Amino acid sequence: MPNTLATLALMTWPLVCLVLLKRLPLERGLIWCLLGGYLLLPPRVAVDLPLVPPMDKDSLPSLSAFVIVVLILRQRLSLWPDTPLARVLIVLFVFSTIPTVLSNSEPALFFAPGSSTPGPFLIHGLTVHDMISFAIAQVIVLLPFFLGRQFLASETGLRELLVATMVGGLIYSVPALIEVRLSPQLNTWIYGFFQHSFAQMMRDGGFRPIVFLQHALWLALFMLTALLSAAALARQSADADKVRLILATVYLAGVLYLCKSLASQIYALAFLPVILIADPRTQVRITALLALIAVSYPVLRNTGMIPLDAILERAAEISPDRAQSLGYRFENEQILLDRAADKTWFGWGGWGRNLLHDPENGRMLTIPDGRWIIVFGTYGWAGYVAETGLLALPLLLLWRRTRAGLPARFAPHAATVAILLAVTMMDMLLNATLIPLTWMYAGALLGHAEALNRPARPGTPATAAAATAAAKPRPLFGKGPAIGRRDRPDRPRSRM
């Protein structure tokens, strides 16, 4: 059970957000409201309020930042993108919950194998209360997307995202290394409970750190994004900062190795060369291809075009334990896909209706790992297309805007943020690692892609030189002027 400190930390985070947004530049304050909450607040703890969904470490920082920016800092926030397809996807994301609820008013019954008589355990049907709650929850999920699109789409905002991700990884590496040495205990020591199965934190004769996140795999993925951010900043840095950023990159690579996550290590081997060698146009092309794979994965999975057996054989060559774990995921995916086939378009709704349960005692018989299968079973094709489409659309728009060459106003760090988003989307096929910071990445990229399509406003400083320099492959140890560094003071903060 969580202790008093866990609840107190959650309830006081809005005050922390207020201090951050008052004292820091708006871009930096917004990022740290969400990133700080994700890294520091206790997992699996929520404040349950009437009608609205429970406020936890994901939803509370997002809602707090939104309220403070709009009501206290009096910043204008547009919730309606310029891109028509983005508008359609937002409407679908929020309001597809209505047919989901209407098509699930009956109780969900569960049957023993070979039996036509349901057991005593059932899950109640969905009500109007659920319809309202689900829609509000979807809006709260999108708040980081809206904030990122409005305030982080500039060159400054995109660079702040990379710097914050790197700094967050460096800070978080300290408790992570403590847990590698002493075992994952920090959440127990500070918040009074352990948030997952301790057996899953043991790997290869040692421990995998988890700190205050939902799972060790979440921490490994965050360390991966910090590593890629550091590498990108090192590549584009001035000589004075290059050595420190190179050391930070090497250090974060070592921390990622100690996280003992094979998937994140493979991502690092695949994308570090892309970060360090490829030009931004090539990077954007790669992210667009990955976005298309992520969007079409359920179709590829259902039609047997994903070579599951070959993947398992390859995994067994690396580690039999990893192959067994991956095979277990694939088996659960197929079971959940079969159940989702009964409500293909709008899903089963919440409360675990999309899962299989023991008909006698209600024990959960299936474990959903990938984010895609969770959304697909809960909200059907409508919810899956809306969520994945909103994440993939910025990557596809960036590719479209840069297909004929880098526009003069292209921010060099946009390609790196696109890689961070694409890597997370690929990991979401295996794990439910979608977090508010991912939505902020997507919103910032959408805003930047839309800005590239607008005529330049008179008086807007040109960034053609930066874009031209970024278009040329520049090795990590090359010399040259800094790209994307702020050459102007922070703009004044809004005051009450």
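Placing +1 on the Cβ of every Lys and Arg and -1 on the Cβ of every Asp and Glu, with nothing else charged, gives the chain a dipole about its Cα centre of roughly 2220 debye.
Thinking of the stretch 68-120 as a set of Cα atoms, what percent of all their pairs are more than 14 Å apart? Counting every Cα pair in the stretch 68-120, those more than 14 Å apart make up 73 percent.
With all pairs of different C-alpha atoms in the average, the Kirkwood value for the hydrodynamic radius of the stretch 31-171 is 18.0 Å.
Spin-label model, Leu308 to Leu182: label points 7 Å out along the Cα-to-beta-carbon direction sit 4.3 nm apart. Here Cα extents along the principal axes in Å was computed from the coordinates, and among [x] 75, 60, 40; [y] 66, 54, 47; [z] 72, 50, 49 the match is [z].
Here the stretch 262-343 exposes an accessible surface that is 64 percent carbon and sulfur, computed with a 1.4 Å probe and the other protein chains kept in place.
Per residue, the stretch 183-300 exposes an accessible area of 37 Å² to a 1.4 Å probe, with every protein chain left in place. Along the chain, the exposed loop sites are trypsin sites (Lys or Arg not before Pro) outside DSSP states H, G, I, E and B with at most 16 other Cβ atoms within 10 Å, and the longest stretch free of them is 77-362. Look at the dipole of the stretch 103-207 built from charges on Cβ: of Ala108, Tyr191, Leu162, the Cα furthest out on the positive end belongs to Leu162.
Whole-percent P(r), the stretch 321-442, all Cα pairs, 5 Å bins from 0: 2, 10, 17, 18, 16, 13, 9, 6, 5, 2, 1, 1, 0. Length, then width, then depth: along the principal axes, the Cα atoms of the stretch 219-333 run 52, 32, 21 Å. Using a 1.4 angstrom probe on heavy atoms only, work out the carbon and sulfur share of the accessible area of the stretch 379-456 in %. Reported share for carbon and sulfur atoms: 58 percent. The portion of the accessible surface of the stretch 26-172 made up by carbon and sulfur, rounded to a whole percent, is 70 (1.4 Å probe; DNA, RNA and ligands excluded). The value of relative contact order for the chain, using C-alpha pairs under 8 Å at least six residues apart, is 22 percent. Across Phe222, Phe207, the residue with the most accessible area heads the list, and the full order at a 1.4 Å probe is Phe207, Phe222. Met202 sits with roughly 100 Å² accessible to a 1.4 Å probe, with DNA, RNA and ligands left out of the calculation.
Length available on full extension from Asp279 to Gln324: 0.36 nm per residue minus the Cα-Cα distance, which gives 12.4 nm. By the combined test of axial Cα extent (at least 27 Å) and Kyte-Doolittle hydropathy (mean at least 1.6), the qualifying DSSP H helices of the chain come to 216-235. Is the shape of the stretch 258-300 rounded, prolate or oblate, going by the alpha carbon gyration tensor and its root eigenvalues a ≥ b ≥ c, with a/c under 1.5 for rounded and a/b larger than b/c for prolate? Oblate, because a/c is 1.5 or more while a/b does not exceed b/c.
On full extension, the segment bounded by Glu106 and Asp82 gains 4.7 nm, given 0.36 nm per residue less the C-alpha separation.
Averaged per residue, what accessible surface does the stretch 68-179 expose to a 1.4 Å probe, in Å²? Counting only protein heavy atoms, the per-residue value for the stretch 68-179 is 43 Å².
Classify the stretch 121-165 from the C-alpha gyration tensor, please: rounded if a/c falls under 1.5, else prolate or oblate depending on whether a/b exceeds b/c. Note, shape of the stretch 121-165 comes out prolate. Which parts of the stretch 410-444 would a label at Gln75 reach, counting a residue when its backbone N lies under 17 Å from a point 7 Å out along Cα-to-Cβ? Those under the cut-off are 436-444. Our estimate of slack between Ser116 and Arg44, defined as 0.36 nm per intervening residue step minus the Cα-Cα distance, is 22.3 nm. Comparing Ile266, Gln236, Ile306 along the charge dipole axis of the stretch 208-341, the residue lying farthest to the positive side is Gln236, per the Cβ-charge model.
The values are calculated or read from the model by the stated rules, or taken from the named source; none is laboratory data. Just so you know, these numbers come straight off a predicted model, no measurement behind them. In this analysis, Cβ positions are derived from the backbone assuming ideal geometry, glycine residues included, and neighbour counts consider all displayed protein chains. Ligands, DNA and RNA are stripped out before the accessible areas are found, and what is left, the full protein with its side chains, is counted by its heavy atoms. Shrake-Rupley method; radii C 1.70, N 1.55, O 1.52, S 1.80 Å.
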